[in-house]
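Report on the following structure.
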Amino acid sequence: MGELLKIRLARIQSIFAEFFGLGRTASLSAIILISLIMILAVYWFFHSAPPKTIIITSGQEGSLFYKNAEKYAKILARNGVKLKIIPSQGSLENLKRLSDPSFRVDVGFVQGGLAAGINTENIVSLGSIFYEPLRIFYISAKPIDLLSQFEGKRIAIGEEGSGTRAVALALLAANGIKPNGSAKLLNIDGEDAAKALLEGKADAIFLMADSASGDIMRKLMRAPSVKLFNFTQADGYTRRIRYLSKLYLPKGTLDFGKNLPAQDVYLVSPTVELIVRADIHPALSDLLLEAAREIHGRAGLFQKKGEFPAPIENEFRISDDAARFYKSGKSFLYRYLPFWLASLVNRILVVFVPLIILLIPGFRIIPALYRWKIKLSIYRWYRALLRLEQDILMRSTTEKNEEILGRLDNIEKAVNSMKVPVSFAEQFYVLRGHIGFVRSRLTNSISCTE
């Protein structure tokens, strides 16, 4: 095997030597350099391929976040990409996972207003994808118009890690209701919170889509004893808490027959953003945004058709790839070719086309430089011969003749030890012939003098 490799290497060297006029060492160096470049190119070709599996941190199972993640998984599967779903407590836990380099996750749903105190340098936003309205359900003999009226009551504000808890604490703090105060804040969410409210173990509960399912929301809306809080101060809250938007739920929208809600209701809502790691592959960024358009682009209860996804920049900067997508859509190849084929062609264009463009001039320049080097070596000995001929004319003693003969011997010895490629054989032999001519002339001159 080793002998066969040596023979093949010798053949390649011979081809380089004959085709490019390179010597043994130069041809070997060129082979090694080109081989290294090709190895790096092949490595980068495979390394730059978009991964076939990515991980999303969603929300509690059964929540809107989790159901949306399942929709994304189906769309990405059509393009040969597997989306692995990891449940979470909600937006805050999603954000902490994404900002932690040691946690293996690529994308997640994160509501606005949670970035304070968290390092967000290595994460970017693909844009806002939907509203996540806060719904406060409560039981009271009389309607409650102000959040401050929940002072002293038992309030379920969501579990640690949920976006519900973060918004609830911000709203309650704006009304003077804080932990360890007269109000009892319960760290429960979703089904547990709804059960506590219906069983009389809680007076009010805060629910959002990251941790509560639509079934729970509908069940509470239809419960005769349960009321939905109307944010009569919604405009004020959106001025004070900038990541909140005001939403309007007209009377009877949820059920015209049963007139649910029984009156016009105003809600406040952060927007949910699709957050990714900053190093996500551009092709996957486009794929996720394309899925977001399919899932969130339709008209809904609180949004117009085509309103989402949108490049709304809040606490997280919009990625460059997302900005390009919103401006001009998917890149040309991904627009007209299947995802796998577009990825393949794109990598060929990015890796091998520039390589060819660089190697073609390289194939011309390297041999030219090598030939220039050989020519300089040959010219160097011609200069030495010219000086020696001048010294022959000016010699005056026998010692001088011996010194000139010694110099000529050294020149001839050095020239004979030169290694030149076949393409310079003619010039090499011409040089040796001129050395012989000078020697003959010197010998004849010495004989005449004697």
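Values for this structure:
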| quantity | calculated |
| --- | --- |
| Filter result for ALA115 (under 40 Å from the mean Cα position of the chain (by Cα), in a loop (DSSP other than H, G, I, E, B) and surrounded by fewer than 21 Cβ atoms within 10 Å (Cβ to Cβ)) | yes |
| Exclusive hit being of a type in the set (A, V, I, L, M, F, W, C) and without any contact (Cβ under 8 Å) to a residue 40 or more places away in the chain, set ILE75, ILE85 | ILE85 |
| Extreme residue, most open to solvent (accessible area, probe 1.4 Å), among residues of the stretch 384-443 that are outside any helix (DSSP H, G or I) and farther than 26 Å from ALA368 by Cα | SER396 |
| Candidate set: the stretch 221-236, residues that are open to solvent by 80 Å² or more (accessible area, probe 1.4 Å) and farther than 18 Å from LEU172 by Cβ; chosen: the one nearest to the chain's Cα centre (by Cα) | ASP235 |
| Of all residues in the stretch 307-327 being out of contact with any Gly (no Cβ under 6 Å at 6 or more places or on another chain) and in a loop (DSSP other than H, G, I, E, B), the one that is nearest to PHE130 (Cα to Cα) | PHE308 |
| Qualifying residue in the stretch 48-67 (condition: in contact (Cβ under 8 Å) with a residue 12 or more places away in the chain, in contact with a Gly (Cβ under 7 Å, 6 or more places away or on another chain), over 20 Å from PRO270 (Cα atoms) and open to solvent by 50 Å² or more (accessible area, probe 1.4 Å)) | yes |
| Among the residues listed as GLY257, GLY252, GLY190, the single one being over 30 Å from ARG317 (Cβ atoms), open to solvent by less than 20 Å² (accessible area, probe 1.4 Å) and out of contact with any helix residue (DSSP H, G or I) (no Cβ under 9 Å at 6 or more places or on another chain) | GLY252 |
| Check on GLY200, within 44 Å of the chain's Cα centre (by Cα) and in a loop (DSSP other than H, G, I, E, B) | no |
| Filter result (buried (at least 17 other Cβ atoms within 10 Å of the Cβ) and over 21 Å from PRO143 (Cα atoms)) within the stretch 171-187 | LEU186 |
| ALA291 vs. criteria at pLDDT 90 or above, open to solvent by 50 Å² or more (accessible area, probe 1.4 Å) and either outside any helix (DSSP H, G or I) or within 30 Å of THR57 (Cβ to Cβ) (or both) | no |
| Selection within the stretch 68-84 - modelled with pLDDT of 90 or more and open to solvent by 40 Å² or more (accessible area, probe 1.4 Å) | GLU70, LYS71, LYS74, ALA77, ARG78, LYS82, LYS84 |
| Some residue of the stretch 237-244 being open to solvent by 30 Å² or more (accessible area, probe 1.4 Å) and over 16 Å from PRO270 (Cβ atoms) | no |
| Residue in the stretch 412-450 that is nearest to the chain's Cα centre (by Cα), counting only those that are acidic (Asp, Glu) and at pLDDT 80 or above | GLU426 |
| Residue in the stretch 133-140 that is within 29 Å of ASP203 (Cβ to Cβ) and either part of a helix (DSSP H, G or I) or touching a Gly at 6+ places or on another chain (Cβ under 8 Å) (or both) present | yes |
| ALA209 being aliphatic (A, V, I, L, M) and not in a loop (DSSP other than H, G, I, E, B) | no |
| Residue list for the stretch 154-168, restricted to those being surrounded by fewer than 22 Cβ atoms within 10 Å (Cβ to Cβ) and modelled with pLDDT of 95 or more | ARG154 |
| Matching option when the condition is outside any loop (DSSP other than H, G, I, E, B) and touching a Phe, Trp or Tyr at 6+ places or on another chain (Cβ under 7 Å), among ILE177, ILE129 | ILE129 |
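The values are calculated or read from the model by the stated rules, or taken from the named source; none is laboratory data. It should be emphasised that the depicted structure is a prediction, and the values quoted were computed from it without experimental measurement. A quick note on method: Cβ atoms are made from the backbone with ideal geometry, for glycine too, and the neighbour counts reach across all protein chains shown. Note: accessible area is taken over every heavy atom of the protein model, side chains too, but ligands, DNA and RNA are not part of it. Shrake-Rupley method; radii C 1.70, N 1.55, O 1.52, S 1.80 Å.
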